[in-house]
Each structure stands twice: as C-alpha cells, then as structure tokens.
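Reading through the structure tokens given below for one structure.
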Amino acid sequence: MAWKSDKTRYGAVARAMHWITAFALVAMIGSGLAAEAASGEAAAVNILRFHAVTGVAVLALTVLRILWWVLADRRPADTAQTPRWQSLAAHGVHYAFYLVIILLAGSGIATIALSGAGDILFGSETGALPRFEDFQPRGPHGFFAWATVGLVALHIAAALYHQFVIKDRLLERMGLGRA
Ligand code: HEM
C-alpha cells in the first residue's frame with residue numbers, strides 16, 4: 001500500500017495516524033473518567049500519569065497529522081454520491097476534531113501546570129494531589145472532553161450511514177473491509 005493517499009483511498013500514513021488517534025481517544029476518555037472517580041490517591045496518580053503522557057502524545061500526533069496534510073498528502077476526493085451539505089458537514093467535523101483535541105490537551109496541560117500536580121506525578125514530591133476543580137482550565141477540559149465524545153459519535157454515525165444506508169463502502173478508504 002502506498003504511503004500517501006490517492007484520489008479514492010487514504011494512504012498508509014493517514015490510516016495509521018487515524019486509527020492510533022481513534023484508539024488513543026477512547027483510552028483518554030476512559031482514563032480521564034477513571035482518574036476523576038478514583039478513590040485512592042495511589043490509583044489516581046497512576047491513572048493520571050498514563051492520562052497525561054498519552055494525552056501529550058495525542059497532541060503531538062495531531063500536530064503531525066495537520067503538518068502531514070498541509071505539507072505532504074492530499075485527502076481522497078469526496079464520493080460522487082455525497083450531497084454538498086454532507087461534504088461540508090464531514091469536513092467541518094474533521095477540522096473540529098483537530099481544534100478540540102488541541103484545546104483539550106492544552107487545557108489538560110494547563111490544569112497540571114497551574115495546580116502543581118506535575119511534581120507529584122513526575123517529580124519527587126509525595127504530597128496529596130490538588131483539587132483540580134479549583135484551577136480554571138479544569139472546567140474547559142471537561143467541556144472539551146464531552147465535545148470530543150459528541151464529535152466521535154457524529155463521525156461514527158456518518159461512517160455507518162455511508163456503509164449501510166448509501167452502501168458506498170466508504171470504510172474501505174480507511175482500511176476497513178475489502179480493499
Ligand atoms: C488529548 C486527549 C484528552 C482527552 C480525550 C481527555 C479526557 C479527559 C476526561 C474525559 C476527563 C474527565 C472530565 C470530566 O468528566 O469532567 C479528564 C480529566 C482530566 N484530564 Fe484529560 N484528556 C485529554 C488530555 C489531557 C492532557 C494532555 C492532560 C495533562 C497533561 C490531561 C489532564 C487531565 C486532568 C488533570 C484531569 C482531571 C482529573 C480529575 O478531575 O481527577 N488530560 N480528561
């Protein structure tokens with residue numbers, strides 16, 4: 001399979017970045033909720049370590065994805081049957097993903113930085129974790145997390161609509177099903 005996309009299919013790099021981001025986002029939503037609900041301090045610290053490191057990796061991958069599209073690759077054309085409003089909605093959701101992931105990771109990093117939790121998670125400090133709600137970026141972080149869940153739901157619904165209602169085998173372009 002080619003590294004770059006062609007007119008009808010995504011290339012290997014775009015597919016890899018898409019599916020790694022998809023799985024990482026599920027792990028991030030799960031670990032964010034688990035960190036919030038964790039009863040013991042040690043469990044919360046371990047979950048938050050994973051959450052922070054993976055979140056920064058998702059941010060780095062998102063920046064790489066944007067650079068990849070701007071500098072190296074071109075998306076396949078929209079399928080012929082796609083009405084204009086659906087193309088606009090699909091592209092809107094794709095751009096919204098990039099924006100929301102950057103805001104989400106940024107607000108998470110700011111929460112850790114302002115609360116001083118970085119020293120407990122990654123440094124030598126051993127005290128209790130701070131109350132994250134006391135720090136301003138924590139509210140937006142929860143909001144952007146739920147916005148991400150909404151975008152994922154719209155994105156999956158659109159993919160399933162193409163696959164099972166329009167039956168244009170759109171998922172094959174992203175490597176699912178017969179190529
Ligand atoms: C990039 C994708 C990310 C996703 C999808 C995500 C998701 C979440 C979710 C769902 C929550 C619980 C929110 C709520 O119910 O109000 C949460 C909490 C949190 N996240 Fe993230 N997050 C991401 C990135 C980050 C990053 C990069 C950091 C820091 C480096 C971070 C730090 C935190 C902190 C400190 C909390 C609060 C935990 C608590 O309240 O105990 N997040 N995140």
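What follows is calculated from the coordinates using simple rules that are stated; it is not laboratory data. These figures come from a predicted structure and were not determined experimentally. Counting neighbours? That spans all protein chains shown, and the Cβs are built from the backbone with ideal geometry, glycine included.
Please state the relative contact order of the chain as a whole percent: Cα pairs under 8 Å, 6+ residues apart? Mind showing how you got there, number by number?
Numbers: 153 pairs, mean separation 41.9, N = 179.
Once divided by the residue count of the chain, the mean separation gives 23 percent.
Eigenvalues of the Cα gyration tensor times 5, then square-rooted: what semi-axes does that give for segment 104-179, in whole angstrom, largest first? Before the final figure, lay out the partial values.
Numbers: eigenvalues 340, 43, 12 Å².
Value: 41, 15, 8 Å, ordered largest first.
Using only helices, what value at 222 nm comes out for the chain when you add -39,500 (n - 2.57) per DSSP H run of length 4 or more and divide by the total residues, to the nearest 500 deg cm²/dmol?
On the way: 5 runs with 119 residues, N = 179.
Per the formula, -23500 deg cm²/dmol.
Mean projection of the alpha-carbon convex hull of segment 12-174 over all orientations, in nm²?
Details: hull surface 43.2 nm².
With the hull built on Cα positions only, its mean projection is 10.8 nm².
Modelled label-to-label distance, Ala22 and Ala128, 7 Å Cα→beta-carbon offset: nm?
Roughly 4.2 nm, to one decimal.
List Arg74, Arg15, Arg65 from most exposed to least, where exposure is judged by having the fewest other Cβ atoms within 10 Å. Walk me through the numbers before you get to the answer.
Values: Arg74 12, Arg15 17, Arg65 20.
Going from least to most buried by this count: Arg74, Arg15, Arg65.
When the C-alpha atoms of segment 1-96 are aligned to their principal axes, what extent does each axis show, in angstrom, from largest down?
Over segment 1-96, Cα extents along the principal axes are 54, 29, 20 Å.
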